[in-house]
1. If packing is taken as the mean number of other Cβ atoms within 10 Å per residue, what is the order of 130-141, 39-50, highest first?
2. May I ask you to order 114-124, 164-174 by the average number of other C-beta atoms within 10 Å around their residues, highest value first?
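Every read-out reported here was derived from the displayed coordinates using simple, explicitly stated rules and does not represent laboratory data. The shown structure was predicted, so the numbers you read here are calculated from the model rather than taken from an experiment. Using ideal geometry, Cβ is built from the backbone for each residue, glycine included, and neighbour counts are taken over all protein chains shown.
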Amino acid sequence: MLWASLLFSFAMVHVAALIAPGPDFALMLRASVSGGRRYAFSLALGLASAIMLHTAVVTFAADLLQQYLPTLMRILPWLAAAWLGYLGVSCWRAAASVSAAAPLEPATISLKNGWWTGFMTNALNPKAYVYFFSVIAGMLPHASPLAFKLALILMFFALALLWFGLLGWALNIARFREGLQQRQGFILRGSGAVLLIFAALLLWQGYLRLFS
């Protein structure tokens, strides 16, 4: 039950982070409008593949960090809280002003290019490294079971593919696209509130680790 609740907590943080404004969302919006659903899905698969890579690297390095770098592990929750707090505030700011993405050039629209663009955008994003390193290593308990780590990696990949895939599909529906844009402020404020709540929880966890 403990591992299931922890997996659920990771899922909540990850979903809120996926919905938060950033280059991924702008890329999906542009691809969906100009490249069609197939191109948008290939882009979503590339984004999710990079997320799976980040998750796998950090998840299997967390035990070494906890074992050999105890001082670093004490400050990781603070880093995670700062990052999630930044994302939460960004959501609230973005809710007030959302800009439309520029159209793609026809020559760039191909399925292979879509996957590669999505993968490289996420893999080379320095903020992604900060997010996965701080959140996963900061929240992952010492000596976590292998099954839990594999479940975490697959869950992060599946949630990312589901979100970006649904986003690419929905943005190609004229009515839904208009409705999503009208409700985007509410969506961003909701995800921002979730991120800020988890930031506060991580601050408390960081306090306990620092003074334990």
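1. 39-50, 130-141
2. Highest to lowest by the protection proxy: 114-124, 164-174.
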